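Presented below is the structure to which this report refers.
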Amino acid sequence: MQKQTDSIQPIIWRDNTLYLIDQRRLPQEQIWLEFDHPDDVTKAIQDMVVRGAPAIGIAAAYGVVLAARQAWNVAAASWKQAMTAPLARLEESRPTAVNLFWAIERMAHLYKTLPDSESAEAALLAEAQTIHAEDIAANHVMGHSGSDLIEPGSTVMTHCNAGALATGGFGTALGVIRQGYADGKIVHVYADETRPWLQGARLTAWELQQDNIPVTLQAEGAAAALMASGKVDWVIVGADRITANGDVANKIGTYMLAVVAKYHGVKMMVVAPTSTIDWQLQGGDEIPIEQRSEQEVTMMNGQYIAPEGVPALNPAFDVTPAKLIDAIVTEAGVILSPSTENMKKIKP
Ligand code: MRU
């Protein structure tokens, strides 16, 4: 087991096998699971072994490599056709993070042009590794751009986990926080625990502690009072899907933070690679929002914490309107006061 420092990477390809760190077990246990079948990758995404929009996209890209191997082994003569069903299942694993569809489309675009030969797997692997490496590089670029927006000595708040674990490495929101801390811009981080999966408590607090970045954990219900005290300069979060007008889908509770931040004059930064932008959608109301099991809310560690049978709402994401956001930081540039017009500055 490698030491988990600022080089935390949740996805490893080694010896023809995909390895994912089981994020459901962190921080208590660091367990790596092995994958050699695309349907197991689909299940790992559904079950939150791997989570966070860019990490889901990268895992899916490696899932396409495994699908190609499987298709070649069982149906060499019609391997491209045999890819259709596992890739459709992979696409159905989670609906909101657009990086999933972006990565599968990029891989599908390639495999359709490849010759019918065993060498196809190697070409697809090279593309998946490029997607992986590009994501880490984008996070470093965004880290610097985001840090540049922050005044020295600032305190920030973050929600969920948009860290190394949610990406190829380094992180989006936590990439800015890592860089900002190194630059002396950020002196303290408040991390929301983030019900019901507790990504903030389990993953963000752990990542920042590994890097010796001062972090204080809080229930998200404590966020408004902390902002009212004047102690927070920026809220910094990631995104699962950004639409052409700058609306942002991110972990449930992000919208609430943005409203509270606006009221208290705290600035709101969203950090996401361009693979998170869905140029096809004009506004956030078009984003499909994942509804997860009620038991994720009514139970904890396999025990009911609510009366059995009580109905529970469990939307995994909400949409923050562009007008509540001060800056969207991407590797292609920073959009201040996001709007359809301002987003066009980074449109390919
Ligand atoms: O349900 P999750 O844990 O996949 O949700 C993750 C988030 O909402 C993150 O903030 C987002 O994917 C950005 S990760 C860089």
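The values are calculated or read from the model by the stated rules, or taken from the named source; none is laboratory data. This is a predicted model, so every value here is computed, not measured. Methodologically, a virtual Cβ is constructed for each residue, glycine included, from the backbone with ideal geometry; neighbour enumeration extends over all protein chains shown. Side chains are part of the model used for accessible areas, which takes the heavy atoms of the whole protein and leaves out ligands, DNA and RNA. Shrake-Rupley method; radii C 1.70, N 1.55, O 1.52, S 1.80 Å.
So, Leu226, is that one away from the ligand (no atom under 12 Å from the Cβ), more than 24 Å from Ser145 (Cα to Cα) and not in a helix (DSSP H, G or I) or not? Spelling it out, it is not the case that Leu226 is away from the ligand (no atom under 12 Å from the Cβ), more than 24 Å from Ser145 (Cα to Cα) and not in a helix (DSSP H, G or I). Filtering the range 195-213 for residues that are within 22 Å of Gln9 (Cβ to Cβ) and among the hydroxyl-bearing types (Ser, Thr, Tyr) leaves a non-empty set.
Contact annotation: no residue pair with Cβ atoms under 7 Å, 6 or more positions apart or on different chains, pairs a residue in the range 335-348 that is closer than 9 Å to Ala244 by Cα with a partner that is open to solvent by 100 Å² or more (accessible area, probe 1.4 Å) and at pLDDT 95 or above.
Among the residues of the range 81-100, those identified as assigned to a helix (DSSP H, G or I) and buried (at least 18 other Cβ atoms within 10 Å of the Cβ) are Ala82, Pro86, Leu87, Leu90, Val98, Asn99, Leu100. The lone criterion from (1) within 16 Å of the ligand (Cβ to nearest atom); (2) under 20 Å from Ala201 (Cα atoms); (3) touching a strand residue (DSSP E or B) at 6+ places or on another chain (Cβ under 8 Å) left unmet by Ile58 is number (2). Every listed requirement among (1) more than 20 Å from Glu134 (Cβ to Cβ); (2) open to solvent by 60 Å² or more (accessible area, probe 1.4 Å) is met by Leu26 save one, (2). Each residue in the range 293-304 was checked for being at pLDDT 95 or above, surrounded by 10 or more Cβ atoms within 10 Å (Cβ to Cβ) and either out of contact with any helix residue (DSSP H, G or I) (no Cβ under 8 Å at 6 or more places or on another chain) or within 13 Å of Arg195 (Cα to Cα) (or both), and 7 of them qualify.
Looking only at the range 234-252, residues that are more than 14 Å from Lys323 (Cα to Cα) and either surrounded by fewer than 21 Cβ atoms within 10 Å (Cβ to Cβ) or not assigned by TED's automatic domain parsing to the domain that holds Cys160 (or both) come to 0 in all.
Exactly one residue out of Pro315, Pro311 is loosely packed, with under 14 Cβ neighbours inside 10 Å, within 16 Å of the ligand (Cβ to nearest atom) and not assigned by TED's automatic domain parsing to the domain that holds Pro27, and it is Pro315.
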